[in-house]
Amino acid sequence: MLDEALAAYVAAAREVGNPSSLHAAGRHARRLVEESRERIAAALGARPSEVIFTSGGTESDNLALKGIFWARRAGSLNRSRVVASAVEHHAVMDSAEWLGSHEGAQLSWLPVDDAGRVDPAALASVVEAYADEIAVVSVQWANNEVGTIQPVAELARLAADAGIPFHTDAVQALGQVPVDFAASGAAAMTVTGHKVGGPVGVGALLLGRDVACTPLLHGGGQERDVRSGTLDTAGVAAFATAVEATVKSQAAYAVRVGALRDELVARVRAAVPDAVLNGDPGDRLPGNAHFSFPGCEGDALLLLLDAQGVCCSTGSACSAGVAQPSHVLVAMGADDDRARSSLRFTLGHTSVVEDVDALLAALPGAVERARRATAWKTPR
Amino acid sequence: MRVLAAMSGGVDSAVAAARAHAAGHDVTGVHLALARNPQTYRTGARGCCTLEDSRDARRAADVIGIPFYVWDMAEQFHANVVDDFVAEYAAGRTPNPCLRCNEKIKFEAVLDRAVALGFDAVVTGHHARLGADGLLRRSVDEGKDQSYVLAVLTRAQLDRAVFPLGDSTKAQVREEAAARGLAVADKPDSHDICFIADGDTKGFLQRQLGDAPGDIVDGRTGERLGSHNGAYGYTIGQRKGLDLRVPAADGRPRYVLSITPVTNTVTVGPREDLEVNEVIASKVIWHSDSTQVECDVQLRAHGEVYPATVTIEGDTLTARLETPARGVAAGQAIVAYQRSPEGDIVLGSATITAAAPLAASRA
């Protein structure tokens, strides 16, 4: 957590008070919550009433997809189609799949090009074909694996012109690129605390005032009746502090970390000439570098680099921990081998050129060794 | 050394990894995902293929303070262990899948990958001793000894294996796990076959192989005594569940003597017809310089030992037993041990292909 967010958390956590209560302690807590709501709204180009606090990105995505779907279908049984990109985070993708298997939703997955970007023309043709059937459209602001930034404003306008609510998961984008809710034209937007130096377990769904959304959680009617449950005052205060700080530092951060990332990419390519940079070469999150190393298993590379103090990530793992080929890379047209040979390096606020030096010191040997180790897969 | 600890999620492999770490080795923990779909395998904390086991292994690695990864070995496991298990039964033999898993997965697929990634050895929680002299010996805990299912390992495989538990009893291992704060200290022992979730081997084979009706015949008279739905459902020495409609002339119980896949026949007879004095085996792994030795042989996992004269000729092992053994099944391993006060030494092993009464084999 950022120092200032931690300080805000500790200060608020010392005070007991339920922001829904009417007594003095409750009033104090409520004031902290509402000030936090206003600070987040101001930082993200939203109105305070549009900030619905949740437990984080997963809940916000579930609430947007399911809540807007239910509300839209309640208005017209015909509106039961969910449109989302093929490279969404699992919180969006699995919510859509669940609506398909439990609520009879039809699903349209928007394809991406080889850089991982949704073509607005693809959304336009889906909207044209199913204008009256679509309940909700969801396309992320930026991809969490390969870092590609989506043309959100253009997509949101296409949906809005057809009267369809557009949701975007901006968890990865916030603090990395400029994010403005009103300017984006989106009807709903997911953000979360722990990606911006705030606490884990607090996030928000920015929800346009006229967007109907059926709650997932019923109870005390907090948060516009869309999300019941006593608010975590300290978490909300720390979240607001982190959002403010990250938005304020975003431009300088993007310049510094983007340059460091470009250096990392250039040096990796020089050291491993056949490495393939995945995602858009320019229009991507500043801290993201994502490569496929032909002939390597990503998890073997991870093990070898981890042993030398370099932390990086492969795609996702199943519940038993087995590495799975990334659905993002598969959607970008990568074959199974390229998907399995991929590795993501993420730079952040604390990253310095010495980190890039350490990676480059370890990488060539690790790649060579991982290539030899792939022979183990040969069937006997 | 840089070692890879295979961690099943059980208490033995957790303590083995902890001991290797405490001994100053650079240890990396790896859990082998063996099920094609982990959710479909057993749910109790008894096997080695569940989400719970994967989590238990990770938790133990975190407590020990070592890196931990999950390696997907499902394809290799199915091709080399599960498919082999089914094919062996279909061929009228009785395989040992744990032995096969050691031979093909832990000390071949995993070891090869580990070596390629720069590791010097694989550490497991098997109960067996492998000391500086390079000899594989029984565990001090004879009841838990697993040298039988490790005897299939070659010299090269043993040179890259570390078994830190051989000098401890299971009770000591559990005690140490508790002392080290490993939550698996009280986890029940695994038993049965990890890929048969309900423990019903016959039902599993029936699903894999389908019904294959055939005759049950008398080994002495050739008389047809009954029928079966698949010879794979029978084991040499089996007495129960034969469901014979014709009683034996002498009224004594009958046992499965042999299974003949070609004619799909199960042959039964009296107990004494099960007795064999000579065992022939192939796929020989032999560590001794002598090709004829007086030693003990073990003919099944946790089975009794028989004093015997073992002769090695090319890839054939012949054991002449001093006292007859019963219920010797083709497909099982014969493991030769040399008695020793420091733990009986594994001389070698082979896969049983035939067994016969001495008189018959001489005729």
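Considering segment A:274-299, the residues that are in a loop (DSSP other than H, G, I, E, B) and within 14 Å of chain B (Cβ to nearest Cβ) include one that is surrounded by the most Cβ atoms within 10 Å (Cβ to Cβ), namely A:C296.
The residues listed here are B:Q238, B:Q146, B:Q208; of these, the one that is under 22 Å from B:P95 (Cβ atoms), out of contact with any strand residue (DSSP E or B) (no Cβ under 6 Å at 6 or more places or on another chain), surrounded by 13 or more Cβ atoms within 10 Å (Cβ to Cβ) and not small (G, A, S) is B:Q208. With respect to the stated conditions, B:F77 fails to be facing chain A (nearest Cβ under 9 Å) and not β-branched (V, I, T). Could you list, in sequence order, all residues of segment A:350-370 that are out of contact with any helix residue (DSSP H, G or I) (no Cβ under 6 Å at 6 or more places or on another chain), within 14 Å of chain B (Cβ to nearest Cβ) and crowded, with 21+ Cβ neighbours inside 10 Å? The one that is out of contact with any helix residue (DSSP H, G or I) (no Cβ under 6 Å at 6 or more places or on another chain), within 14 Å of chain B (Cβ to nearest Cβ) and crowded, with 21+ Cβ neighbours inside 10 Å: A:V367. Taken over segment B:297-343, the criterion of being more than 18 Å from the chain's Cα centre (by Cα) and acidic (D, E) is satisfied by B:E313, B:D315, B:E322, B:E342. Within the span defined as segment B:185-198, one or more residues are of a type in the set (A, V, I, L, M), touching a helix residue (DSSP H, G or I) at 6+ places or on another chain (Cβ under 6 Å), over 25 Å from B:G331 (Cα atoms) and modelled with pLDDT under 90.
Can you find a residue in segment A:51-70 that is touching a Ser or Thr at 6+ places or on another chain (Cβ under 9 Å), crowded, with 22+ Cβ neighbours inside 10 Å, modelled with pLDDT of 95 or more and of a type in the set (F, W, Y)? Yes, that holds for at least one residue. Scanning segment B:228-254 for residues that are among the acidic types (D, E) and over 21 Å from B:A212 (Cβ atoms) gives a single hit, B:D250. Screening B:D56, B:D62 for residues that are at pLDDT 90 or above, part of a helix (DSSP H, G or I) and crowded, with 22+ Cβ neighbours inside 10 Å leaves exactly one candidate, B:D56. Identify all residues within segment A:334-357 that are in contact (Cβ under 8 Å) with a residue 60 or more places away in the chain and touching a His at 6+ places or on another chain (Cβ under 9 Å); write none if there are none. Result: A:S342, A:R344, A:F345. Of all residues in segment A:304-349, those being out of contact with any strand residue (DSSP E or B) (no Cβ under 6 Å at 6 or more places or on another chain), within 12 Å of chain B (Cβ to nearest Cβ) and within 24 Å of B:V3 (Cβ to Cβ) number 7. Highlighted here are the strands (runs of 3 or more DSSP E) found entirely within segment B:200-297 that include at least 1 residues which are touching a helix residue (DSSP H, G or I) at 6+ places or on another chain (Cβ under 8 Å): B:214-218, B:255-260, B:265-269, B:276-286.
For B:S147, the conditions (1) within 13 Å of the chain's Cα centre (by Cα); (2) over 27 Å from B:E342 (Cα atoms) all hold with the exception of (2). The set of residues in segment A:328-363 that are part of a loop (DSSP other than H, G, I, E, B) and closer than 30 Å to A:K248 by Cα comprises A:L347, A:G348, A:H349, A:T350, A:S351, A:V352.
B:I259 meets the stated requirement of being more than 25 Å from B:E142 (Cβ to Cβ), crowded, with 16+ Cβ neighbours inside 10 Å, touching a residue at least 40 places away in the same chain (Cβ under 8 Å) and not assigned by TED's automatic domain parsing to the domain that holds B:T154. Note on segment A:94-114: residues that are among the aliphatic types (A, V, I, L, M) and farther than 21 Å from A:S125 by Cβ total 1.
Filtering segment B:26-53 to residues that are at pLDDT 90 or above and crowded, with 21+ Cβ neighbours inside 10 Å leaves B:V27, B:T28, B:G29, B:V30, B:H31, B:L32. Applying the criterion of at least 3 residues that are free of Cβ contacts under 8 Å to residues at least 12 places away in the same chain to the helices (runs of 4 or more DSSP H) found wholly in segment B:79-190 leaves B:170-179.
The values are calculated or read from the model by the stated rules, or taken from the named source; none is laboratory data. Everything quoted here is computed from the prediction, not taken from an experiment. FYI the Cβ positions are ideal-geometry reconstructions off the backbone, even for glycines, and counts take in every protein chain you see.
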